[in-house]
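Report on the following structure.
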């Protein structure tokens, strides 16, 4: 199972990557949404799950997801964000975002969500978890 993680905060990238690798996942990362777009677009079938922040410089998460869906990314998507506006949540649902977790989220909730996404074969509805 290969995951691509994009967040503009390097400390979040380091912490989440360490947890995911400890759980046995292969993880690639980017702190720049444009870099994430280029790397995932170049390897559309390489990633099973995209974990994405919402508020990032250059491209917001929903914009990144829209561009990736347009070029054919069919993997699962988890938004891991400090806040998500209602309008953005509606766009995310339309784009097939599989889950939204609002920061801070307990790590057990985070890892459980990743495991659920890894096990699922098809999901088109957004599942919001707010703690």
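The values are calculated or read from the model by the stated rules, or taken from the named source; none is laboratory data. Fair warning: this is a prediction, and the values are worked out from it, not measured in the lab. With ideal geometry, Cβ positions are generated from the backbone for all residues, glycine too; neighbour counts draw on all protein chains shown.
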*asked:* Condition first: over 21 Å from residue 73 (Cα atoms) and without any contact (Cβ under 8 Å) to a residue 40 or more places away in the chain. Now tell me which residues in the range 18-42 satisfy that.
replied: 18, 21, 22, 24
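Quick check on this structure: which one of 18, 36, 42 is modelled with pLDDT of 95 or more and buried (at least 18 other Cβ atoms within 10 Å of the Cβ)? Don't jump to the end; show me each part of the working.
Numbers: 18 fails: buried (at least 18 other Cβ atoms within 10 Å of the Cβ); 42 fails: buried (at least 18 other Cβ atoms within 10 Å of the Cβ).
Step by step, each of 18, 36, 42 is checked, and only 36 is modelled with pLDDT of 95 or more and buried (at least 18 other Cβ atoms within 10 Å of the Cβ).
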*Any idea how many residues of the range 117-131 are surrounded by fewer than 18 Cβ atoms within 10 Å (Cβ to Cβ) and either part of a strand (DSSP E or B) or modelled with pLDDT of 95 or more (or both)?*
3
_The lone exception for residue 19 - which of (1) touching a strand residue (DSSP E or B) at 6+ places or on another chain (Cβ under 8 Å); (2) within 18 Å of residue 105 (Cα to Cα) it fails_ = (1)
*Among the residues of the range 74-98, which ones are part of a loop (DSSP other than H, G, I, E, B) and either under 21 Å from residue 120 (Cβ atoms) or touching a strand residue (DSSP E or B) at 6+ places or on another chain (Cβ under 9 Å) (or both)?*
74, 75, 82, 83, 84, 95, 96, 97, 98
*In the range 74-104, what count of residues is obtained for those that are surrounded by fewer than 22 Cβ atoms within 10 Å (Cβ to Cβ) and in contact with a helix residue (DSSP H, G or I) (Cβ under 6 Å, 6 or more places away or on another chain)?*
3
_Checking residue 110 against (1) outside any loop (DSSP other than H, G, I, E, B); (2) surrounded by fewer than 11 Cβ atoms within 10 Å (Cβ to Cβ); (3) under 15 Å from the mean Cα position of the chain (by Cα), the condition it does not meet_ = (2)
_Count of residues meeting criterion [in a helix (DSSP H, G or I), exposed (fewer than 15 other Cβ atoms within 10 Å of the Cβ) and in contact (Cβ under 8 Å) with a residue 24 or more places away in the chain] in the range 62-73_ = 1
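Within the range 21-61, restricting attention to residues that are part of a strand (DSSP E or B) and within 17 Å of residue 112 (Cα to Cα), which residue is farthest from the chain's Cα centre (by Cα)? Working first, answer last.
At the first step, the residues of the range 21-61 found to be part of a strand (DSSP E or B) are 26-30, 49-52.
Those still in the list that are within 17 Å of residue 112 (Cα to Cα) too: 26-27, 49-52.
Numbers: 26: 14, 27: 12, 49: 7, 50: 4, 51: 2, 52: 3 Å.
The selected residue is 26.
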